[in-house]
Structures are given as C-alpha cells and as structure tokens.
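One structure is given below, encoded as structure tokens.
The values are calculated or read from the model by the stated rules, or taken from the named source; none is laboratory data. All values reported here derive from a predicted model rather than from experimental measurement. In this analysis, Cβ positions are derived from the backbone assuming ideal geometry, glycine residues included, and neighbour counts consider all displayed protein chains. Just so you know, the surface numbers come from the protein's heavy atoms only, side chains and all, with ligands and any DNA or RNA stripped out. Shrake-Rupley method; radii C 1.70, N 1.55, O 1.52, S 1.80 Å.
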Amino acid sequence: MRGARAQVIGRLVLVGALLTGCSAISGRNGGGGPANQAGRQATVVTVAKVTAGPISQTAQYSGTVQAGDSVNVVPQIAGQIVKLDVDVGSIVKKGQVLAELDKTTLQAQVAQAEAGVETAQVKLAQVKAGGRPETVAQAQANLDAARAKLAAVQAEGRPETVAQAQANLDAAKAKLAAIKAGPRAESVGVAKANLDAAKAKLQQLLDGPTPDQVAAAKLQLEQAKDQLAAVQANKDGQCNPRNPSYLCEAAQAQALAAETAVNVAAQNLKTLTDPPTQDAINQAQAAVDAAEQQYKLALAPYTDSDVAQAQAAVTAAQQQYQLAKTPYTSTDLAQAQAAVDAATAQLALAQKPYTDLDIQAAEVALKQAQAVLAIAQANLKAADVVAPFDGVISAKLLSPGALATPQTPIFTLISNQAQVQFSIEQARIGNITVGQTVNLTANAFPGKVFPAKVTSISPSADPKTHTFTVSVVPQNDSGDLRPGMFVNLLLTVASFQNATLVPSVAIVQRGPQSVVFVVTDGKVKLQPVTLGISDDKNTQIVNGVNVGDTVVTSGQANLSDGSPVRVAGQQAGGATGSRPSGAAAGATGSRTGQAPGAATGERNGQAPASGTGRRAAGVSPTPTPAG
C-alpha cells in the first residue's frame, strides 16, 4: 500500500516539474525582460576559497636495495684453507681474521730468507776482511799463463797454422783457374730457359687470353656472387634483435669478405679480358731484355775485374802463408807483454781485492736479503685472510680443505651501508641533483619513511630505455633496509612555496580550455585558467583567479557564464532572489535534505534539477596538470 502511494506521489512530483519547466520555457520564449531573468532557478553548489600556499608534485620510482660495498674476499697468496673463523651472517670488523691458510711452506720460506740474511751478513764481513788465499793463487796462475804466452809469441809459427795458410793459398789458385776456364754449361742453360719464358709471356700478353682462361675467370666471378648471396641471407637471419650481437657482427664480417671476393673476381676478369695496357707490355718487354742480359752474362760470366779480384785473392793467400810461417810481429809481442803486465796487476788486486765500492755492494746485498725476508714474512702474515672493512658475511664460497688463490674468493662481504639505484626517465632527470635529499618507503615497513641522499647520477642514459641510473644512499642506522628488498622513491619533481591554489574538483573542461566558476553576488563567472602542478587535493593556478576568490567545487555541469547559484546550506531567497510564480514550491516538502523550491528536491546529495527536469551531472574529472 505504501509502495503504491509512493509511486503516485512520485508521478505527481514529475508532473509538477514538467508543468514548471513548460511555464519557464514559455516565459523565455514569449515574454523576455525582467520577468524572464527572475524566473531562472538558482543551482545549489558547494564552494571553496582560492588560497595561497605551498604545493609539490611527486613521482614514484621502484628500486632494489643493494649493499653499498660488496667484495669477494680473496687471499693475497695461494694456499689450502685450514680454518674458517666466520660464517654467513657474521658481523665482522675491519682487520678481523676471516680464514687461515696453511702456513707450513710459508714458515719454511721465512726460515730460508732469514738464512739469506745471515749469508749476506757473512759476505759483508768477508769483504771487509780482505782477499782469500785461493783467489791469490788463481791470480798467480793467470800471471804464469800470460808469461808462457809471451814466450810463445817470441818463438816461430805453429805447424798447424802454416798448414791452414797453405790450404787457403791452394784454394785461391784453384778459383783463379776456374775463372780463366770460362762459363759453365748449366748456368748458360738456366739463363736460356729464363729468356724463353720471358719471351713467351710477352707473346701471350700481345695475343690476349684464351677462351678457357676467360671462361674460368667468369666461373670464378659467378661462384663469388653465389657465395655473397648466401652470406647476405645468413646475415639477414643473424642480425635479429633476439640474437646476441656477436652473431650479427660475425655475419657482417663474412658478408664484407664475400663482397671483397666478388670485387677481386670481377677485377681479375676485367684485367684478363681488357686489352693489355702499354705499361704491362713495357714490363713484359723489360723482363725479356733483362733475361737477355742474364743470358749474355752466362755466356761470358767473368769480366776482367773478376779475374783481377781472383788474382788479388791469390796474392793475399800467399801473404797469409808467409805470415803463418812467421806469425808474430812487434805488435803481437807488445800485446803479449801487456797481458803479462795485466796479470801482474790482477795478482796485486787479488792480494788486496776489495775497495770501498765492494763494501758498499756487500751492504746493498744485505739489504736485498733483508727485503726478501720482509716479503716472506708478509706472505706468512697474508696467510691470515682479514676483512677489508666493517660489514656482514653474505656468502661462504669455499670450505676448509679447499685451495684458495687470488682468483678464487672465500667469502662475499657486504658493507652495512645500503644503496639503491633507480632508473629515472630523461624528462625527470633535471629534477635531481647530487646531494639532494629524497624519501624512501618500503612495503615491509608501512608508514615509515627512510630519508636518503642522492650520491651519483649516471652521466649517460641507457641507449635502449633512455633512462638514467641514480644512486641513493638511505639513512639505515636501524638496519631495516636489507639487500634485495624493494623500496619506492618519492621524488619531488616540482615545488612552489606561495602558489595560488584551488581544489582540483573545482576545475572542469569546456572544450579544450580548463575553467573554473567564480561566485560573485549569487552568480557565477566562467573563468578560463592556466594550470600548473597538482597534488592529491589541489591544483596550482598560474593565472585566471586571485587569492580570496570563491569558486564552485560541485554542480558545475548545470552552470554557464552568469548562472545564478545558491551555496549549499544557505537559505533560499538570499542571493538568488524570489522563485517564479509557477514553480511547484513545497510540492513535496523538504525530503532528505531537499532545498526548498526545488521541483524534485535534492536526494542523497544530488544537485537540484533545472527547470527542464534534467538531473545535474557529477563533478568533472580533474584536468591533467601542466608540467
């Protein structure tokens, strides 16, 4: 029963609204004048003041927490691990022993180096002490040998030397006889063959290539072209973005080599089929002339000069023979005497061998031995592998008994300082500077903000994504941020301290233009505005309104420039004037917050209906902020 009554009441309200709308339309179309203006019904709206204040626009980026420093701890020397003093998760300090290597060999090397130092010390003492008896004896022997050599020089030549000189003389005479005998038959034959070959090559050049030669050159060119086509097809298949770049580079190199082979084959065919150039003919003729000269030389190989040289060789051999019979001259005697004098000086030196420089050398040798000892001791110390900085062991890579080398890490050590890298697009990179303070958040710690500082910005963008890598170091004294965790970077991309602000819901689009409705004396003015940045509530107005203006924040869909409005919560008849006589005032009474005089009333927060019965649209979307 109540449902039927509600339907009847609703139909009566709808009929009243339609009658009111028709009356208003009739008044606008027929009457005009002041009565028509007074008949426009005020739209109930909500408003807000234009304010001045700070506003910031932020962007969010995701990154993964990394250790600020991460190193693979390796020993400075190779050795077998005998003990590991820490494990994964251990907190270590700089200089703390992490692992111990076998020290047996190293301790032996230290002992050997210590012995070397003792040897150098003994040597220094020996140098300072003077000459050794055995050295003096050797110097005496050398003097005796020099004196024997002097005696030999003073005697006649040795028989074997004389025999050798005689053999050399016989050989020189035999060569002279061969020169005088004339050319050899085999040399003449070789020269004749070379001459015939040069003439044949010249004739072939003048006659041109044979058909077989041309066919072979063409076949070689076709084969090279086929190979080039196959290689280019392979290159097209390999140069695919899904394949590694080295496959494409190898295919391109093969294609280049195939193109070179085609060019060479084409050039060979052209050279073969083209008429011989005058230069080629001249070169072939020059080869013939040279071969003729060689042939003539073979027929008469020896000149008068050759005969003279052979004769001179015989003369020199005869002189050497005479010298062998009497080998030593006054100069040789003087040299032998000088050797005796030098041996005498060496004997004196052996008796007193060391000078101040020798003592200095022995002292240097001692220092070298001490340096070797220091190196051995350092290697022994290096058998204890220590932490290079404070941090945490994140991985154990070797176990006791394994062989560790400078190329095989034992542990992975990460520092306590965390670091995060973000990829920032090029449009935002100008908003970041090194040293800038930013905030990080992590899903693992809702509501907690981690202050951080920008430490570095990549000097170049990634060629594929066109983003820059930005490194950020957070304040992580609590250790909450751990390597591998995801965090978000809240980056302020624009900020103004004294901006003109309106609620974002106050801005609507009319065509391509962003506008607001400014309320003045119960009416609205459609005001185009230029937008700046936005946050989650407000939008910056660059120009168009002033601080203190009142703007509509809801109900804009039913408004146009000059429309009368009533602010929600104010009494009717104030700014908007009296209602038209034909309005269905109070037809249904005030219901769920209806405004008095509305044809259908506001329901559940809806804007009052216009004179034509259309329901007010919702708030238009917030426009995209500039910048």
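Details
- The stretch 363-373 - residue that is touching a residue at least 24 places away in the same chain (Cβ under 8 Å) and of a type in the set (Gly, Ala, Ser) and, of those, least open to solvent (accessible area, probe 1.4 Å): ALA369
- Of the residues making up the stretch 476-520, those that are among the β-branched types (Val, Ile, Thr) and at pLDDT 90 or above are VAL487, THR500, VAL502, VAL505, ILE507, VAL508, VAL515, VAL516, VAL518, VAL519, THR520.
- Residues located in the stretch 140-173, provided they are closer than 11 Å to GLN320 by Cβ, open to solvent by 60 Å² or more (accessible area, probe 1.4 Å) and either at pLDDT 80 or above or under 60 Å from the mean Cα position of the chain (by Cα) (or both): GLN164, GLN166, ASN168
- Scope the stretch 519-554; condition basic (Lys, Arg) and not in a strand (DSSP E or B); matching residues: LYS537
- Residues satisfying the stated conditions in the stretch 465-488, i.e. part of a loop (DSSP other than H, G, I, E, B) and either of a type in the set (D, E, K, R) or in contact with a strand residue (DSSP E or B) (Cβ under 8 Å, 6 or more places away or on another chain) (or both): THR465, HIS466, GLN475, ASN476, ASP477, ASP480, LEU481, ARG482, PRO483, GLY484, MET485
- Any hit, the stretch 478-492, residues being of a type outside the set (A, V, I, L, M), touching a residue at least 60 places away in the same chain (Cβ under 8 Å) and open to solvent by less than 40 Å² (accessible area, probe 1.4 Å): yes
- Search result, residues across the stretch 287-308 that are aromatic (Phe, Trp, Tyr) and over 15 Å from ASP196 (Cβ atoms): TYR302
- Search result, residues across the stretch 186-225 that are of a type in the set (D, E, K, R) and more than 19 Å from ALA253 (Cβ to Cβ): GLU186, LYS192, ASP196, LYS199, LYS201, ASP207, ASP212, LYS218, GLU222
- Restricting attention to the stretch 526-538, the residues that are buried (at least 18 other Cβ atoms within 10 Å of the Cβ) and out of contact with any Leu (no Cβ under 6 Å at 6 or more places or on another chain) total 5.
- ILE91 falls short on exactly one of the conditions (1) open to solvent by 90 Å² or more (accessible area, probe 1.4 Å); (2) over 60 Å from the mean Cα position of the chain (by Cα); (3) more than 30 Å from ALA365 (Cα to Cα); (4) of a type outside the set (D, E, K, R), and that condition is (2).
- Near pairs, Cβ below 6 angstrom, 6+ apart or cross-chain, from the stretch 312-331 (open to solvent by 70 Å² or more (accessible area, probe 1.4 Å)) to any residue that is assigned to a helix (DSSP H, G or I): GLN318/LEU169; GLN320/ALA165; LYS325/VAL162; TYR328/VAL153
- Subset of the stretch 410-431 [open to solvent by 30 Å² or more (accessible area, probe 1.4 Å), out of contact with any Gly (no Cβ under 7 Å at 6 or more places or on another chain) and in contact (Cβ under 8 Å) with a residue 24 or more places away in the chain]: SER423, GLU425, GLN426, ARG428, ILE429, ASN431
- Residues in the stretch 125-139 that are closer than 18 Å to LEU366 by Cβ and at pLDDT below 85 were compared, and the one that is least open to solvent (accessible area, probe 1.4 Å) is VAL127.
- Only one of the numbered conditions (1) under 17 Å from THR64 (Cβ atoms); (2) part of a loop (DSSP other than H, G, I, E, B) is not met by GLN421, and that is (2).
- The set of residues from the stretch 379-407 being polar (S, T, N, Q) and under 29 Å from GLN66 (Cα atoms) comprises SER394, SER399, THR405, GLN407.
- Cβ-Cβ contacts under 9 Å between residues 6 or more apart (or on different chains), taken from a first residue in the stretch 79-92 that is under 15 Å from GLY391 (Cα atoms) to a second residue that is polar (S, T, N, Q) and open to solvent by 80 Å² or more (accessible area, probe 1.4 Å), are listed as ILE91/ASN416.
- Qualifying positions in the stretch 332-362 - open to solvent by 80 Å² or more (accessible area, probe 1.4 Å) and over 23 Å from ALA141 (Cβ atoms): ASP356, LEU357, GLN360
- Whichever residue in the stretch 438-464 is open to solvent by 80 Å² or more (accessible area, probe 1.4 Å) and in contact with a strand residue (DSSP E or B) (Cβ under 9 Å, 6 or more places away or on another chain) and, among such residues, is modelled with the lowest pLDDT: GLY447
- Within the stretch 493-516, being open to solvent by 10 Å² or more (accessible area, probe 1.4 Å) and either assigned to a loop (DSSP other than H, G, I, E, B) or basic (Lys, Arg) (or both) holds for ARG510, GLY511, PRO512.
- The set of residues in the stretch 43-87 being at pLDDT 90 or above and of a type in the set (Gly, Ala, Ser) consists of ALA48, ALA52, GLY53, SER62, GLY63, ALA78, GLY79.
- Residues of the stretch 465-477 satisfying the condition of being over 30 Å from GLY89 (Cα atoms), open to solvent by 40 Å² or more (accessible area, probe 1.4 Å) and of a type in the set (S, T, N, Q): THR465
- Contact annotation: residue pairs with Cβ atoms under 8 Å, 6 or more positions apart or on different chains, pairing a residue in the stretch 268-279 that is under 14 Å from GLN204 (Cβ atoms) with a partner that is of a type outside the set (A, V, I, L, M), are LEU272/PRO209; LEU272/GLN213; PRO275/GLY208; PRO276/GLY208.
- You will find that of GLY53, GLY63, the residue that is outside any loop (DSSP other than H, G, I, E, B), touching a strand residue (DSSP E or B) at 6+ places or on another chain (Cβ under 9 Å) and closer than 30 Å to ASN498 by Cα is GLY53 and no other.
- Among the residues of the stretch 425-443, at least one is within 30 Å of VAL92 (Cβ to Cβ) and in contact with a Leu (Cβ under 7 Å, 6 or more places away or on another chain).
- Picking from residues in the stretch 290-305 that are open to solvent by less than 70 Å² (accessible area, probe 1.4 Å) and part of a helix (DSSP H, G or I), the one that is modelled with the lowest pLDDT is ALA298.
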